[in-house]
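See below for the structure under consideration.
The values are calculated or read from the model by the stated rules, or taken from the named source; none is laboratory data. Quick caveat, the model's predicted, so the values are computed rather than measured. Neighbour counts are summed over all protein chains in view; Cβ atoms, including those assigned to glycine, are modelled from backbone coordinates with ideal geometry.
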Amino acid sequence: MFFKRVSFFFVLLGSLVLSSLVQAANYNSLEEGVDGEKSIFDVSPLGFDIEQHLEKKKKEEYQLIFDLLRTKKFSQADKDLAVVLEKYPKEVYFINLQALLKVMQKNATEARKNYLQVLQIDKKNLVAMLGLANLAIEQDKLDEANQYVDSAIKIEPSSMNAYLMSAKIAQKQNAPKRVERILLKVLEKNKGGIVREIRLISVLGKFYAQQKQLEKMLPISRELVNEYPGNVMALSTLAGAQLINKQIELAEKTLKQVVLKSPKDINHRFMLINMLGKQKGRENEAFILLEEVFRVNPNNLQALAMKATLELKLKKYQQASLTINNIANNYPSLAMAKQLTGDLFATQKKFSKALDAYKESYAIHENANTMNQIVDLMMILKQEESAVVFLQKAVEKNNNPLAHYILATFYQKKNQYKQVEEHYLAILKVKPDSYLVLNNLAWNYLQQNDLGKALTMAASAYKENPKSFAVLDSYGYILYKNGQLEKAESILEVAVDLEPDNYNVQFHLAEVYVANGKNNNARVLLDKITVENNGFSEQRAAIELLNKISVK
């Protein structure tokens, strides 16, 4: 099954809740997906509290160099380190800092020398041990990495960073159950320190997101609230777990507890406003919360944008226009006012004016949402050629993955397969693990009857996301076309279980059943999906197949 591009314009017209820029500011990144290559357990040496025992003068020198590294001013950091190491040649804090510099400069050999030098001076130095473990992981020397981690845990049995490094090794070994055991163990060992616990729960959340097991965050978050009753940080963690598990009513109750305890808390009020603004008839509650935000910060940009968007939702165009002007006056250099002006015209179906406003917004701040809105409006205004030119410029300027993706879907509709392939391959050079692109490229090859390439891409998409209904449908159907009938049947049965109301995948499974000689199984599916004019794309073919097996 081919992933289609969602029209942001029609989403805006159909159920306008918050401006796309506001949504981007609120807990969502619409341009970035999960990076399958980057470990979620990376232990940055910048995160270690390694200067707490330094005397005042050394601490000041340390902090200056630390800040240089944090801001990636490596040349100056190198010079300053040379000076302090001449004064303090055996000060392990500065040698570790030099090792960090070498790591950030991708000089593993020198970093290793620095860490080993530290261990010669202080054989129980955790920072050096974990630094060496991290270097070993990067070189796939996992046994060596484990030895350093085990040594660190023996020295400090509750070391959060040591266990995170151990989890990173387990992830590298593709052992998710062991990763989970490690993280739960270190969480238990750090009970009694809410900041440490929340950091570990955050890591667990990312892990469970990768494993598509976000429901496991709920009992962990509830236990945190039981451990720290009424604590705002604990309640916030629980609200987040409830939201990602779509427990909207419970999340609302939890967030209301947070805002009652924190009269000046803005962020959790924004979360509530976002939730309430999506529910018809509850806009006034959202406006009350916005007034609470304005009492804390009268010209808060996000609050003003939310106010304007709610006014647009309620078709209070005059009030929305005044709020947008307020934003323009207070934040003249930002794109927000132009973006909201586009929303204002779009909701009134003044498409040409909306397009002009979105173009002005995009000129100030290039982003995925505005690009989508510009392209959608160009298509509505029959400016197809202009849309292609606009997207090609984005590709030429910065190899924009979204522009490539929109162009690929555009050419897919026109059956211009070579152009489709060109744009999807360009994305895969930047994001080789994008299951969405791998899936669509597989379908593109299938349409060209290039079954070998189609299977390779579909298998890669399945490896990246074996729980995606669309990926399962594509992979199963392409396996069928390649003659791998038993595997195709099992994969498509999973897809049907995930989306029992999708007639296209049921038809694909029926085809496989027929190929496997299971006509009765096929007939059950075909009787269901051909019973009426339900509009699914392959209904005519389904009727023909049913007639064919009925004759037999």
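Side notes on the structure shown:
- Per-region count, the stretch 172-182, residues within 17 Å of residue 150 (Cβ to Cβ), in a helix (DSSP H, G or I), under 23 Å from the mean Cα position of the chain (by Cα) and not charged (D, E, K, R): 1
- When residue 243 is tested against (1) without any contact (Cβ under 8 Å) to a residue 40 or more places away in the chain; (2) more than 28 Å from residue 178 (Cα to Cα); (3) part of a helix (DSSP H, G or I), only condition (2) is not met.
- Considering the stretch 522-540, the residues that are among the small types (Gly, Ala, Ser) and either over 19 Å from residue 501 (Cβ atoms) or not in a helix (DSSP H, G or I) (or both) include one that is modelled with the lowest pLDDT, namely 535.
- Helices (runs of 4 or more DSSP H) contained in the stretch 255-350 and holding at least 1 residues closer than 24 Å to residue 365 by Cα: 267-277, 301-313, 317-330, 336-347
- Given (1) buried (at least 20 other Cβ atoms within 10 Å of the Cβ); (2) under 30 Å from residue 242 (Cα atoms); (3) of a type outside the set (A, V, I, L, M, F, W, C), number of the condition residue 215 does not satisfy: (1)
- Listed by first and then second residue, the pairs with beta-carbon distance under 8 Å, at least 6 apart or on different chains, first residue in the stretch 64-76 and free of Cβ contacts under 8 Å to residues at least 40 places away in the same chain and of a type in the set (Asp, Glu), second surrounded by 12 or more Cβ atoms within 10 Å (Cβ to Cβ) and not in a loop (DSSP other than H, G, I, E, B), form an empty list.
- Exclusive hit being surrounded by fewer than 16 Cβ atoms within 10 Å (Cβ to Cβ), of a type outside the set (Val, Ile, Thr) and closer than 24 Å to residue 311 by Cβ, set 282, 269: 282
- As a summary of the residue check, residue 149 satisfies the conditions (1) over 18 Å from residue 69 (Cα atoms); (2) of a type outside the set (Asp, Glu); (3) loosely packed, with under 15 Cβ neighbours inside 10 Å except for the one numbered (3).
- Residues that are charged (D, E, K, R) and either crowded, with 17+ Cβ neighbours inside 10 Å or touching a residue at least 60 places away in the same chain (Cβ under 8 Å) (or both), drawn from the stretch 363-389: 376
Yes/no per residue for (1) closer than 28 Å to residue 423 by Cα; (2) charged (D, E, K, R); (3) at pLDDT below 95:
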site: 454; (1), (2), (3): yes, no, no
site: 466; (1), (2), (3): yes, no, yes
site: 481; (1), (2), (3): yes, yes, no
site: 485; (1), (2), (3): no, no, no
site: 489; (1), (2), (3): no, yes, no
site: 499; (1), (2), (3): no, yes, yes
site: 503; (1), (2), (3): no, no, yes
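- Lone unmet requirement of (1) within 27 Å of residue 182 (Cα to Cα); (2) part of a helix (DSSP H, G or I); (3) in contact (Cβ under 8 Å) with a residue 24 or more places away in the chain for residue 112: (3)
- The set of residues from the stretch 70-106 being among the β-branched types (Val, Ile, Thr) and either surrounded by fewer than 17 Cβ atoms within 10 Å (Cβ to Cβ) or assigned to a loop (DSSP other than H, G, I, E, B) (or both) comprises 71, 83.
- Filter result for residue 167 (more than 23 Å from residue 244 (Cβ to Cβ), touching a helix residue (DSSP H, G or I) at 6+ places or on another chain (Cβ under 6 Å) and crowded, with 16+ Cβ neighbours inside 10 Å): no
- Here is the figure for the stretch 427-455: residues that are of a type in the set (A, V, I, L, M), farther than 13 Å from residue 412 by Cα and in contact with an Asp or Glu (Cβ under 8 Å, 6 or more places away or on another chain) total 1.
- Candidate set: the stretch 390-419, residues that are among the aromatic types (Phe, Trp, Tyr) and surrounded by 17 or more Cβ atoms within 10 Å (Cβ to Cβ); chosen: the one farthest from residue 447 (Cα to Cα): 390
- When residues of the stretch 432-449 are limited to those that are surrounded by 17 or more Cβ atoms within 10 Å (Cβ to Cβ) and in a loop (DSSP other than H, G, I, E, B), the one modelled with the lowest pLDDT: 433
- Sole exception among (1) buried (at least 18 other Cβ atoms within 10 Å of the Cβ); (2) under 24 Å from residue 151 (Cα atoms); (3) out of contact with any Phe, Trp or Tyr (no Cβ under 8 Å at 6 or more places or on another chain) for residue 116, by number: (1)
- Test result for residue 493, assigned to a helix (DSSP H, G or I), closer than 17 Å to residue 542 by Cα, among the charged types (D, E, K, R) and without any contact (Cβ under 8 Å) to a residue 60 or more places away in the chain: no
- When the residues of the stretch 308-334 are filtered to those that are among the small types (Gly, Ala, Ser) and surrounded by fewer than 21 Cβ atoms within 10 Å (Cβ to Cβ), the one that is nearest to the chain's Cα centre (by Cα) is 333.
- The set of residues from the stretch 401-418 being assigned to a helix (DSSP H, G or I) and over 16 Å from residue 453 (Cβ atoms) comprises 401, 402, 403, 404, 405, 406, 407, 409, 410, 411, 413.
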